[in-house]
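Have a look at the structure below before the remarks.
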Amino acid sequence: MSRQSLDRDFYARGALEVAPELLDKVLVAPDGRAGRIVEVEAYRGADDPGSHGFRGMTRRNSTMFGPPGRLYVYFTYGMHWCANVVAETDGVAAAVLLRALTPLEGVGAMYTARGPAARRDRDLCSGPAKLTQALGIDGAFDGADLVTKDRGVTIVDDGCPPPEDPAVTTRIGLTNGADLPWRFHVEGTPDISRRSP
């Protein structure tokens, strides 16, 4: 099956449109490690108190304000990297957090990167910090263009359509904006970060 990188128009829509359609697409790292996206969360700007963009642009979150189709990578809890896909249009804060993948390629390298914490395949990418570690994505990839593949990372469509009826829940780990049902995942996959309530 051929793999076509998603084009700019795919990303240049609202985060709530892009998020469920990212499900079952494939995130590919520069060295070929790859996983199928099975869980995401949408984040917006001034109307989303759970978003990094809620209080405006800073040096840390500037990538989230566009242009669309870039990777917004941030450091959290003093130890973890998280990767987001930038949506909407230039100047508007909107992104989709990549929460979990099903490992597809380079699984051995993922085990090496994750170390002793990974004892089975579902331990490799079942969380936003796990998947970045497994694929070797860190702060050097903040602002990477997923369309032009300027840093070797991209998201491709390999012909697997997104689920017609994805599971929808509230987002995980938030205090503000915790009531918004903006988390989407593939029902039944063992690789998501947390089961639905």
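The values are calculated or read from the model by the stated rules, or taken from the named source; none is laboratory data. It should be emphasised that the depicted structure is a prediction, and the values quoted were computed from it without experimental measurement. Cβ sites come from the backbone with ideal geometry, for glycine too, and all protein chains shown count toward neighbours. What goes into the accessible areas is simple: the full protein's heavy atoms, side chains included, and nothing from ligands, DNA or RNA. Shrake-Rupley method; radii C 1.70, N 1.55, O 1.52, S 1.80 Å.
Points worth noting:
- Subset of the stretch 1-47 [free of Cβ contacts under 8 Å to residues at least 12 places away in the same chain and in a loop (DSSP other than H, G, I, E, B)]: ASP47
- For the stretch 146-155, the set of residues classified as open to solvent by 10 Å² or more (accessible area, probe 1.4 Å) and in contact with a Lys or Arg (Cβ under 7 Å, 6 or more places away or on another chain) consists of VAL147 only.
- Hey, LEU104 assigned to a strand (DSSP E or B), within 22 Å of GLY173 (Cβ to Cβ) and of a type in the set (A, V, I, L, M) or not: no
- Residues being open to solvent by 50 Å² or more (accessible area, probe 1.4 Å) and of a type in the set (A, V, I, L, M, F, W, C) - total across the stretch 34-80: 5
- Any hit, the stretch 115-134, residues being assigned to a loop (DSSP other than H, G, I, E, B), among the acidic types (Asp, Glu) and either more than 18 Å from PHE10 (Cβ to Cβ) or open to solvent by 60 Å² or more (accessible area, probe 1.4 Å) (or both): no
- The sole residue among THR102, THR112, THR189 that is surrounded by 15 or more Cβ atoms within 10 Å (Cβ to Cβ), more than 22 Å from ARG70 (Cα to Cα) and polar (S, T, N, Q) is THR189.
- PRO162 meets the conditions (1) out of contact with any Ser or Thr (no Cβ under 8 Å at 6 or more places or on another chain); (2) more than 28 Å from GLY50 (Cα to Cα); (3) in contact (Cβ under 8 Å) with a residue 12 or more places away in the chain; (4) not acidic (Asp, Glu) in every case but one. The failed one is (2).
- Residue check for PRO166: farther than 20 Å from TYR74 by Cα and open to solvent by less than 40 Å² (accessible area, probe 1.4 Å): yes
- Here LEU135 fits the description: within 13 Å of the chain's Cα centre (by Cα), at pLDDT 95 or above and closer than 18 Å to CYS82 by Cβ.
- Among the residues listed as VAL86, VAL73, VAL92, the single one being within 30 Å of ARG119 (Cβ to Cβ) and either of a type outside the set (Asp, Glu) or touching a His at 6+ places or on another chain (Cβ under 7 Å) (or both): VAL73
- Annotation: of all residues in the stretch 86-107 being in contact (Cβ under 8 Å) with a residue 60 or more places away in the chain and of a type in the set (Gly, Ala, Ser), the one that is nearest to ARG33 (Cα to Cα) is GLY106.
- Subset of the stretch 81-96 (residues that are buried (at least 24 other Cβ atoms within 10 Å of the Cβ) and of a type in the set (A, V, I, L, M, F, W, C)): ALA83, VAL85, VAL86, ALA87, ALA93, ALA94, ALA95, VAL96
- If the condition is being in a loop (DSSP other than H, G, I, E, B) and either farther than 22 Å from ARG44 by Cβ or in contact with a helix residue (DSSP H, G or I) (Cβ under 6 Å, 6 or more places away or on another chain) (or both), then the stretch 176-191 contributes VAL186, GLU187, GLY188, THR189, PRO190, ASP191.
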